[in-house]
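Have a look at the structure below before the remarks.
The values are calculated or read from the model by the stated rules, or taken from the named source; none is laboratory data. This structure is a prediction, so every number in the text was calculated from the model and none was measured. Here the Cβ positions follow ideal geometry from the backbone for every residue, glycine too, while neighbour counts run over all protein chains shown. Calculation scope for accessible area: heavy atoms of the full protein, side chains included, ligands and nucleic acids excluded. Shrake-Rupley method; radii C 1.70, N 1.55, O 1.52, S 1.80 Å.
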Amino acid sequence: WRPSLLHRVVSVPAGADKQFNPTGRPPTVLPALQSSLHARYSTRDWHLANLAQLKGSEASTNSAGRLNIDSRRLMQDKDQLTHHMQEDSTKNLGERVCNIDFWRAELSYELDCLLKETQALETAKRRLECAADELQGPLKIALECLYHREKRYGIDLVHDNVEKSLMKEVDVLKDCQETLTKHAQIINQQLGINRDVQHALERDLSDKSSAHFIDEKCFNLRNTSDSINFYHGVEKADGSVSVPATWAKFSDDNIRCSQHARANSAKMREDAETELETASEEMWNHCVGTNLAFNSRIAEVADAKNKLQLQLAKTLQEIFQTEDTINLLERSIKAKEYPLKVAQTRLEGRTKRPNIELCRDAPQLQLVTEVFTLDNTLQTLKLRLQEAKDTLQMLVNNKSKLEEDISVKTNSFFIDKKCMDMRKVFPSTPRLIGY
């Protein structure tokens, strides 16, 4: 199809500004536009193309609309699923934290009870050890009493009731000491078991505290938290070593072991208390019986010894007073030396007066008199001091004779009295039961 190249005559109104074309033909078509004129579509093609374009656009719009609606529905479903799953996870974490709190409370209570029981058992052990050590003193005293009584001589070297009581007391003390020491060793073994159980409880409690901190931190995480991040592949790693049943059983077993250890410890404490009371009562009974035998023996020779001791006490009192008098005399002599020095120094200084000033005046006479008087006083005090020293020596000699006489006449009484004095340090009942 080609357009018509004919031309029509166009009348140009007068006065037109454009230049009139005398030929009356349209402008010649440029060769560059001829190819486009030959490529034009038909109207039918144009309508078909528009129709196809509308149908395709409508189909794309419908498809996009359905995709958007499905996508919104999918996002809502996934948002709800994600929200529910996160709520379930948070709820499970909260329940887990509560479970950990429960077992932490149980473990903490049991650990406190175990520590108190262990402390009480250690106290019982120390009491047993203290009581066993405390018996070493009475045992040593009883043996020393037996050794001292071997120093008796003559008719006094007899196997009397005192010696029989001492030998029985030694046997009782040794038996009680051995029993208490053995029970303390058994308690020491139980303390080792208690420490093992305590270590298991502390380790379990520490692990649960760490797990509680971690789970509580996870429980408090939200979508707006700053510490969240991607950890790809973490869901595939499973380092679990227990399940809820074995997890709870582990702590329950630890608590049961602790309760069993506490029960054994309580029984041992009761046995220790019974042994301490029994041993204390038995030892006191033997101690009282031995002391009564000693007192009865001592009373037989007490009269002569008391008289000698009374005389010795008087002599000692006189020695003390004489020594005091000697000290006073020495201080008095020492005190008189300074006034004598002053008087003599004054006299010596006055001898240096010149010429006529060497006058035998009243001060001179007084100073001379003072020097002579002080010399006489010192001589008198020194004589009295020598007499006091002689008297003291006499008293000391008399004291030695009295002591020798007491040692000779009352040898047996002295030994028994010494033994009785040693037995005065016998431990009291609280010390015998370990306090």
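General remarks:
- Any hit, the stretch 37-51, residues being modelled with pLDDT of 90 or more, surrounded by 10 or more Cβ atoms within 10 Å (Cβ to Cβ) and of a type in the set (F, W, Y): no
- Residue within the stretch 310-328 that is closer than 29 Å to V158 by Cβ and more than 56 Å from the chain's Cα centre (by Cα) present: yes
- Among residues of the stretch 203-224, those that are within 21 Å of the chain's Cα centre (by Cα) and surrounded by 16 or more Cβ atoms within 10 Å (Cβ to Cβ), counted: 1
- Scan of the stretch 404-425 for residues that are among the acidic types (D, E) and open to solvent by 80 Å² or more (accessible area, probe 1.4 Å), ordered by number: E404
- Counting the residues of the stretch 363-403 that are closer than 26 Å to K314 by Cα, surrounded by 12 or more Cβ atoms within 10 Å (Cβ to Cβ) and among the hydroxyl-bearing types (S, T, Y) gives 1.
- Picking from residues in the stretch 67-108 that are touching a helix residue (DSSP H, G or I) at 6+ places or on another chain (Cβ under 9 Å) and hydroxyl-bearing (S, T, Y), the one that is farthest from K217 (Cα to Cα) is S108.
- Of the residues T246, T315, the single one that is without any contact (Cβ under 8 Å) to a residue 40 or more places away in the chain and either assigned to a helix (DSSP H, G or I) or open to solvent by less than 50 Å² (accessible area, probe 1.4 Å) (or both) is T246.
- Failed criterion for D253 (all others in (1) of a type outside the set (A, V, I, L, M, F, W, C); (2) assigned to a helix (DSSP H, G or I); (3) over 30 Å from W284 (Cα atoms); (4) at pLDDT below 90 hold): (4)
- The single residue among R104, R152 that is of a type outside the set (A, V, I, L, M, F, W, C), under 30 Å from D421 (Cα atoms) and out of contact with any Pro (no Cβ under 7 Å at 6 or more places or on another chain) turns out to be R152.
- For V197, the conditions (1) closer than 30 Å to T410 by Cβ; (2) modelled with pLDDT of 90 or more; (3) buried (at least 19 other Cβ atoms within 10 Å of the Cβ) all hold with the exception of (1).
- Filter pass, L221 being touching a helix residue (DSSP H, G or I) at 6+ places or on another chain (Cβ under 7 Å) and more than 18 Å from A105 (Cα to Cα): no
- In the stretch 88-118, the residues that are modelled with pLDDT of 90 or more and either of a type in the set (K, R) or on the phi > 0 side of the Ramachandran plot (or both): K91, R104, K116
- Answer residue from the stretch 279-312, given it is part of a helix (DSSP H, G or I) and among the charged types (D, E, K, R) and is most open to solvent (accessible area, probe 1.4 Å) among those: K307
- Matching residues, the stretch 80-119, being within 22 Å of K182 (Cβ to Cβ) and loosely packed, with under 15 Cβ neighbours inside 10 Å: none
- Conditions (1) closer than 30 Å to Q136 by Cα; (2) over 32 Å from the mean Cα position of the chain (by Cα); (3) open to solvent by less than 100 Å² (accessible area, probe 1.4 Å): number failed by L276: (2)
- Long-range neighbours under 6 Å by Cβ, at least six apart or interchain, first residue surrounded by 13 or more Cβ atoms within 10 Å (Cβ to Cβ) within the stretch 144-157, second at pLDDT below 80: none
- Check on E387, at pLDDT 80 or above and either over 30 Å from Q311 (Cβ atoms) or of a type outside the set (G, A, S) (or both): yes
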